[in-house]
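These notes concern the structure reproduced below.
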Amino acid sequence: QVQLVESGGGLVQPGGSLRLSCAGSGFTFSSATMSWYRQAREKQRELVARISPTGSNTNYADSVKGRFTISRDNGKKSVYLQMNGLKPEDTAVYYCKSSSTTYWGQGTQVTVSS
C-alpha cells in the first residue's frame, strides 16, 4: 500500500534551519511529482513547494522563495525540504504528497519560536 513517512520536524528558534525528509513507497516514486504542503492551526492546507519527477523543475510558494529548497533522491525514494531562515509564521504540520495518490501521511510538526 502507499506510504509517505515524513520526518525531521521539531522546535527551532527564528532564523534557524531544519531539513525535512519524506520516504515514499507503494507507488512508482520516480514517476511522481512530489510536493510539500503545510497546515497551520485553524488554517487551510497550503502548497509550499513542488518538484518534477526528474528534479529538473521546482516551484515554491511566494512566502518561502529564497528560504526553502526542495530536492529528491529517486534512488532512495525520498524527497526533502531544506528550510532556512525560519520564521514563526512557518509553524505548521508539514506533509509530503505524491501526484500518484490521494494519500496523505501523518505529517511532521515544525514549530518556530524563541
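The values are calculated or read from the model by the stated rules, or taken from the named source; none is laboratory data. If you're wondering where the values come from, they're calculated on a predicted model, not measured in any experiment. To get the accessible areas, we keep the full protein, side chains included, count just its heavy atoms, and leave off ligands, DNA and RNA. Shrake-Rupley method; radii C 1.70, N 1.55, O 1.52, S 1.80 Å.
Using the heavy atoms of the protein chains alone and a 1.4 angstrom probe, what is the accessible area of the chain per residue in square angstrom?
Working: 6100 Å² over 114 residues.
Counting only protein heavy atoms, the per-residue value for the chain is 54 Å².
Using the Cα atoms of the range 48-103, I'd like the radius of gyration and the largest Cα-Cα distance, Dmax, both in angstrom.
Over the range 48-103's Cα set, Rg and Dmax evaluate to 11.9, 34 Å.
Can you tell me how the range 1-64 classifies by the Cα gyration tensor, rounded, prolate or oblate, using a/c under 1.5 as the rounded cut?
prolate
Hey, which lysines would be in cross-link range of residue 77, C-alpha to C-alpha under 26 Å, not counting anything within fewer than 8 residues on its own chain?
Within reach: 65, 97.
Using Cα-only point scatterers and the Debye equation, what is log10 of I(q)/I(0) for the chain at each q in 0.10, 0.16, 0.19, 0.20 Å⁻¹, rounded to two decimals?
Debye intensities relative to I(0), on a log10 scale: -0.25, -0.66, -0.92, -1.02.
With the contact rule set at Cα under 8 Å and sequence spacing of 6 or more, what percent relative contact order holds for the range 12-54?
34
In the chain, what percent of the accessible surface is made up of carbon and sulfur (1.4 Å probe, ligands and nucleic acids excluded)?
Carbon and sulfur: 44 percent of the exposed surface of the chain.
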